[in-house]
Each structure stands twice: as C-alpha cells, then as structure tokens.
Amino acid sequence: MGLDWRPLGKPKPECKERFDQLFRILNGTDPIPVIPGTKKRYSREVLKEEWFEIQIPSYETIKAPMVGRDPEADEWVKTQYDESDKSDSLEFWYQHYKGYYVIELAKETDGVPVYISEIQDENVFRGKFLTTFCKELIGEELYEAAWETHLADSTLQYGERLLEIADQLAAKHDLQYLKDQHLPPDIEVGSLPSQVHILYAAARWLIFYGKNGHGFEADE
C-alpha cells in the first residue's frame, strides 16, 4: 500500500491540552487512565470518540464546501445527478451526500496535494512519493520521520526542514521555478527535477497544515 499522510483534525478552541493528551494516549505514548472511582480503565473507543468530538476537521481548514450548507456544494451534487442515469431522484442524491465535503472545490489549495492516493480523500498526501524517490536527498532521520504520526508543531517543523533541502537543491541546480509550480514537471519520475518538485509539494502541504493547527497521521 505504501505510505499516505492523512491530515488530523485540529483542536477546538480551549481544547488543545485535552486534544494533545488524548493523542498521546491513543498513540500509545501515555497509559490509558483509570475511570475515577473504579479500577477499570477507559476503553480506547470512548477516548477516541471524545478526541473526535473536540476536533475541527481538516476539510474546514481547506474551506471545502459542504453539501446541505454551501450552495456550490449543492450545485456539485446536481451536476453529478445530471450526469447519472437518474434512476434515483435528485432529492435522494441530496440526502445521500448531505454533510459531504467537496474537496475538489476547496479554496485553500495548498492543503490539496497533486501527489495523491487513489483510495484516500483528495487532501491526503501520498507520502510514498517522498519515501520512494527522495530518501537519499533527505537522509535517514527525515525519512524515518515520514512514517511517524505528528501533531501540528512537529508537522510544521518537518515541512520547514524539507523546504530547506528543496531550496538548497533548487538553487544549486537552477530549479527554483519548481517552487511555485503545482503540477509535476513533464519529466521522468525520480529524476532530480521530479525529486525537487516532490520535496516542494510535501513541504508546502506540511507547512500549510502545521501552520493551521493540524498534524497528520502516517497511514501505511
């Protein structure tokens, strides 16, 4: 399957301390606490449910419109319906997609990568591109970090370190134009221009989410 980076939700206002605490527990860093007044420990399911309840999803940060809330998302549903065989009613389609975030209409495009997984949401970065084609460029420490789940501060720092490497390579090999180029260069994947573009794309994605309070889950 390779490696995908899935953006984590960010803590709601005044919930960061509890969010980070639950993250450490669910990630296995801290022990699962005992329920007060008992000898039993909380279940992971209960703690995970609480963790999700105090999150703001990454879809909100990239300003992806939601079906049932935003007119452009409702129009997107209508377009999908018009292109279907119309075996169900338009109202059925609206109900089916209600609450769905249309990532392809997101306004914050730095959070929607060009290197994507075919089986994940469109704002999930396909980390396999970095680990497959850029390992020698980033070194063992940053390579290993790609396989770890990070909170926001660590995500931002990771992105900044990848950006520094990309900038150095781009300056040395006259590839600075790749920094603001969204689509991959029309060249063999794994060549130096391709590697630099992957580094820039990964750094941009990491910095966007890190600055906006999101970490990411490394999903193998």
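Derivation of every value follows stated rules applied to the coordinates shown; laboratory data play no part. From a predicted model like this one, the values you see are computed outputs, not experimental measurements. All Cβ positions, even for glycine, are placed from backbone atoms using ideal geometry, and neighbour counts span all protein chains on display.
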Modelled FRET efficiency - R0 22 Å, Glu136 with Ala171, Cβ distances, 0.05 increments
0.75
How many angstrom lie between the C-alpha centres of the range 53-76 and the range 145-217?
26 Å
About the Cα centre, and with charges only on the beta carbon of Lys, Arg (+1) and Asp, Glu (-1), how big is the dipole of the chain? Nearest 20 debye, please.
840 debye
What's the FRET efficiency of Asp219 with Asp186 using the Cβ-Cβ distance as r and R₀ = 30 Å, to the nearest 0.05?
0.55
For the range 116-206, what is the charge dipole size about the Cα centre, in debye to the nearest 20, if Lys and Arg each add +1 at the Cβ and Asp and Glu each add -1 at the Cβ?
120 debye
Per GNM of the chain with C-alpha springs under 10 angstrom, the most fluctuating residue out of Ile165, Ile198, Ile62 is Ile165
For the range 8-56, what does the convex hull of the Cα positions come to per residue, in cubic angstrom?
76 Å³
Helical segments meeting 27 Å axial Cα length and Kyte-Doolittle 0.5 threshold in the chain (DSSP H)
192-211
Can you give the extra length, in nm with one decimal, that the chain gains between Glu60 and Glu160 once fully stretched, where that is 0.36 nm per residue apart less the Cα-Cα distance?
33.7 nm
Give, in nm to one decimal, the length gained when the segment between Asn27 and Ser43 is fully stretched (0.36 nm per residue of separation minus the Cα-Cα distance).
4.4 nm
Among [x] 43, 37, 33; [y] 59, 55, 31; [z] 51, 41, 34, the entry derived from the coordinates for Cα extents along the principal axes in Å
[y]
One quarter of the C-alpha convex hull surface, i.e. the mean projected area of the range 113-219 in nm², amounts to 6.2 nm²
Glu17 to Asp153: extension gain in nm, 0.36 nm per residue of separation minus the Cα-Cα distance?
47.6 nm
Compute a Gaussian network model of the chain, connecting alpha carbons closer than 10 Å, and tell me which residue from Gly68, Gly127, Gly210 fluctuates the most.
Gly68
Farthest towards the positive end of the dipole of the range 113-219, among Ser117, Gln168, Leu199 and with Cβ unit charges of +1 on Lys and Arg and -1 on Asp and Glu, lies the Cα of Gln168
Relative counts (whole %) of C-alpha pair distances in the range 46-93, using bins that are 5 Å wide:
5, 17, 18, 15, 14, 12, 11, 7, 1
Hey, fewest Cβ within 10 Å first, where do Thr79, Thr132 land in order?
Thr79, Thr132
